[in-house]
Amino acid sequence: MQEFDLIVIGGGPGGYLCAERAGKAGLRTALIEKRALGGTCLNEGCIPTKSLLYCAKQYQAALHGAEYGVTAQNVSIDHAQVVARKDGVVRTLVRGVGAAMKAHGVTVFAAEGRILGKTGERFEVAAGGETLSAPRLVLASGSSAVIPPIPGVREGLASGFVMTNRELLSLSEQPESLVCIGGGVIGLEMACYFASIGTKVTVIEMLPKIAGSTDPEICELLMRTYKKQGMDFCLNARVEAVTDRSVVYSDASGRHEIACGRVLLSAGRRADVTGLNAEALGIALEHGAVVTDRQMRTNVPGVWAVGDCNGKLMLAHTAYREAEVAVNGMLGKKDAIDYSIIPSVIYTTPEVACVGETEQSAREKGLDVQVVKAPMALSGRYLAENPKGTGFCKLLYDRKNRCVVGVHMVGSYVSEIIYGAAMMVHSKLPVQHLDKIVFPHPTVGEVVREALFLL
């Protein structure tokens, strides 16, 4: 039996950062990962999709370069080469995670981690043919794609006609047509990429709007923009079945069938604790997710859970923050997570970035908010690069407490600006203090200042 100070099960963002921070603090740490370091985010999610979307952006820039005085002939895109490039990016980053583990003295086990139980004050975990023990245990087993009980879906997954993001990101052959079941972040980012390179894309969404809880006004702008890019949308629609060459759905107008080359199943994700044997310790689960408090503690002393497996906010940067909170707790440092100030981003063209309250959530909480909206075109840089851009920045101002409680943006670069907005929301600084912030000129970020001036 190998003894450690901490065992982490799962090598995704939450797991590997937890191991890295613990190792840096001097804890003898074991990290168990059954697939590849970096988890879904690095291997099958965040990073691969951004790599593909960047290539599509370069392709579109070449196609429309004449608008900027740049002329190119016979422009084409090689999807197989795009995928190969993506694979190279992923390999580089996976090696980087491995190097970070080595640098901080973390012992990595390439195996499935299974909880065996507890002897005295030490938890025992099986990792392949090894048995590990430690007085501290972190669960970071991630999530898996939701497979809805739609007739034909499982058969389609088996044949390769239906794919989750994992399989689609590795598909080297560009499909002529693609149906995305689900219009959330995963579905929209994949739809945007394939539509940008010439695939005919249809998004079927059961709700009346795309992008989940995103600001409705932003969703409307996205819909208009995506439609101009050639995407079709079927809202308030229910998928009835998947055949070997089509998707059957129904809406208020009746029953319809769409023939397609591939189907992307993007109906959400759920916490994955399969194989952990959490019941061996009596770890509390709710709807299949590990129950945690704001310190990431479970109901079992000495056990924490970070990342998607706790079912809170399934975002890599949420997992990073949860990992920091968990390790700080182990080290006796007071810390707690605040989910209300974690930003979210959709990396399509245009980008979407949001943090804090929405107009709906503010109303539900009884907040007296003033809503102001500044067009992105107020930024000289934005207009220089996007002469036809229609993005905007929306601020929600709490009149009683005189602070910004929500920021919602759509347009280029907003993914790089939102952290500053998150700091404004987190700090709860009175708006008169925010007026003193100097924004470099010309930057797209100046639109936040312009919005503040409207208050």
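Read-outs throughout are calculated quantities, based only on the coordinates presented, and are distinct from any laboratory measurement. Since this is a predicted model, take the numbers as computed values, not measurements. Every residue, glycine among them, receives a Cβ derived from its backbone with ideal geometry; neighbour counts consider all protein chains shown.
Worth pointing out:
- Label zone at E173, where the point sits 7 Å out along the Cα-to-Cβ direction: region 70-95 residues whose backbone N lies under 13 Å: 80
- Vicinal HN-Hα couplings computed from phi for region 237-246 (Karplus, 6.51 cos²θ - 1.76 cosθ + 1.60; Hz; Gly/Pro x): 10, 10, 6, 8, 6, 10, 9, 7, 8, 7
- Relative contact order (%) - region 153-267, alpha-carbon pairs under 8 angstrom, separation at least six: 35
- Spatially, region 377-455 and region 124-195 are offset by 35 Å when compared through their Cα centroids.
- Kirkwood hydrodynamic radius of region 181-234, Cα pairs, Å: 10.9
- Built amide H within the under 5 Å cut-off of L116, gap 5+: E124, V125, A126
- The distance between label points at D293 and K334 comes to 1.4 nm (points 7 Å beyond Cα on the Cα→Cβ vector).
- In a reduced charge model with +1 at each Lys and Arg Cβ and -1 at each Asp and Glu Cβ, region 31-131 shows a dipole moment near 120 debye about its Cα centre.
- No disulfide-compatible partner, judged by a Cβ distance under 4.7 Å, exists for the following cysteines of the chain: C18, C55, C180, C192, C219, C234, C260, C309, C354, C393, C403.
- Modelled label reach - L116, point 7 Å along Cα→Cβ, region 1-24 residues with backbone N closer than 20 Å: 1-10
- Across region 353-367, coupling constants 3J(HN,Hα) worked out from phi with the 6.51/-1.76/1.60 Karplus curve, θ = phi - 60°, read 9, 9, 8, x, 6, 9, 4, 5, 5, 5, 5, 4, 8, x, 6 Hz, and Gly and Pro carry x.
- Rg/Rh for region 1-132 stands at 1.22; both radii use Cα atoms, and Rh follows the Kirkwood definition.
- Computed P(r) (all Cα pairs; region 350-453; 10 Å bins; percent): 16, 51, 27, 5, 0
- Percentage relative contact order, the chain, counting C-alpha pairs under 8 Å, at least six apart: 14
- Put a dot 7 Å past the Cα of T131, heading toward its Cβ, do the same for R255, and the two dots end up 5.8 nm apart.
- Under 13 Å from a label point set 7 Å out along the Cα-to-Cβ vector of L63, the amide N atoms of region 214-237 belong to 226-231.
- Considering only the chain, percent of DSSP beta bridges that pair antiparallel, nearest 5: 60
- Antiparallel bridges, percent of DSSP beta bridges restricted to region 153-267 (to nearest 5): 40
- Dimensions of the chain from C-alpha coordinates, computed as largest minus smallest value along each principal axis and given longest first, are 68, 60, 45 Å.
- In order along region 208-213, phi translates into HN-Hα couplings of x, 8, 8, 6, x, 8 Hz, rounded to whole numbers, per the Karplus curve 6.51 cos²θ - 1.76 cosθ + 1.60 with θ = phi - 60° and x for Gly and Pro.
- Put simply, the amide H of T243, placed in the peptide plane, has neighbours under 5 Å in V248, leaving out anything fewer than 5 places away on its chain.
- For V8, the residues whose modelled amide H falls within less than 5 Å of its own, excluding neighbours fewer than 5 places apart on the same chain, are A30, L31, I32, V138.
- A Förster radius of 60 Å, combined with the Cβ-Cβ distance separating R402 from T243, puts the computed FRET efficiency at roughly 0.55.
- Equivalent ellipsoid, region 153-267 (semi-axes from 5 times Cα gyration tensor eigenvalues, Å): 21, 17, 12
- Helix screen, the chain: DSSP H segments with Cα axial length of 27 Å or more and mean Kyte-Doolittle hydropathy at least -1.0 are 79-103.
- Unit charges on C-beta of K, R, D, E only; dipole of region 350-453, Debye: 260
- Selection from L52, S213, S340, by position along the positive dipole direction of the chain (Cβ): S340
- Stretched out straight at 0.36 nm per residue, the stretch from H441 to T274 would grow longer than its current Cα-Cα span by 55.0 nm.
- Here the dipole of the chain is about 700 debye; that uses its Cα centre as origin and unit charges on the Cβ of Lys and Arg (positive) and Asp and Glu (negative).
- Taking 0.36 nm per residue of sequence separation and removing the Cα-Cα distance, the R85/K428 pair yields an extension gain of 119.2 nm.
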